[in-house]
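See below for the structure under consideration.
The values are calculated or read from the model by the stated rules, or taken from the named source; none is laboratory data. Only a predicted model underlies this, so the values are computations on that prediction, with no experimental measurement involved. When we count neighbours, we look across all protein chains shown, and the Cβ atoms used for this are built from the backbone with ideal geometry, even at glycine. In case anyone asks, the SASA skips ligands and DNA or RNA and just uses the protein heavy atoms, side chains included. Shrake-Rupley method; radii C 1.70, N 1.55, O 1.52, S 1.80 Å.
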Amino acid sequence: MPLRQRIDCPQCGKALVRKVGGRCPSCGAAVARHVQAERDREERIERVVAVVGTLLVVMLFAMTAGLGAIEGIAVYAGVGVLMFYLARKSF
């Protein structure tokens with residue numbers, strides 16, 4: 001599932017809801033390559049977020065293995081807030 005739900009036309013800036021024949025319904029500009037490039041970019045971002053999130057969880061598990069329940073929950077919540085702060089510009 002893409003991070004972005006909306007892709008805009010590179011020429012007129014209107015939202016591309018329907019792309020009949022690979023053209024913008026408003027101005028008629030060819031948008032097939034632009035749409036594919038945007039989807040590829042979103043896929044790369046999703047992969048980076050997934051890898052970073054997985055690494056953070058593994059590191060968190062390794063670092064909190066000796067802590068008690070309360071300390072582990074506090075550290076996990078802190079890392080969750082950090083991940084949200086770093087990834088908020090992606091959504």
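When the chain is treated as a GNM with alpha-carbon contacts under 10 Å, the residue of 37, 15, 69 showing the greatest mean-square fluctuation is 69.
Please report Rg over Rh for the chain, where both radii come from the alpha carbon positions and Rh follows the Kirkwood definition. Looking at the chain, the ratio lands at 1.24.
Would you mind working out the accessible area per residue for the chain, using a 1.4 Å probe, and quoting it in Å²? Mind dumping the intermediate values first?
Details: 7020 Å² over 91 residues.
Solvent-accessible surface per residue comes out at 77 Å².
Give the calculated FRET efficiency between residue 39 and residue 88 to the nearest 0.05, with a Förster radius of 30 Å applied to their Cβ-Cβ distance. Numbers along the way, then the final one.
On the way: r = 21 Å, r/R0 = 0.72.
For R0 = 30 Å, the calculated efficiency reads 0.90.
Of the residues 87, 66, 24, the one whose Cα sits farthest toward the positive end of the charge dipole of the chain, with +1 on the Cβ of Lys and Arg and -1 on the Cβ of Asp and Glu, is 24.
Helical runs (DSSP H, four residues minimum) scored at -39500 (n - 2.57) apiece and divided by the length of the chain put the mean residue ellipticity at 222 nm at -20000 deg cm²/dmol.
With +1 on the Cβ of every Lys and Arg and -1 on the Cβ of every Asp and Glu, and nothing else charged, how large is the dipole of the chain about its Cα centre, in debye rounded to the nearest 20? Let's see the in-between values first.
Working: 13 positive and 7 negative charges, 127 e Å.
With Lys and Arg at +1 and Asp and Glu at -1, about 600 debye.
Once backbone amide H atoms are built at 1.01 Å from N, residue 8 has 16 as its partners under 5 Å, excluding neighbours fewer than 5 places away on the same chain.
The mean sequence distance of close C-alpha pairs (under 8 Å, at least 6 residues apart), as a share of the length of the chain, puts its relative contact order at 23 percent.
Sorting 21-30, 70-79 by their mean Cβ neighbour count within 10 Å, with the most densely packed peptide first, gives 21-30, 70-79.
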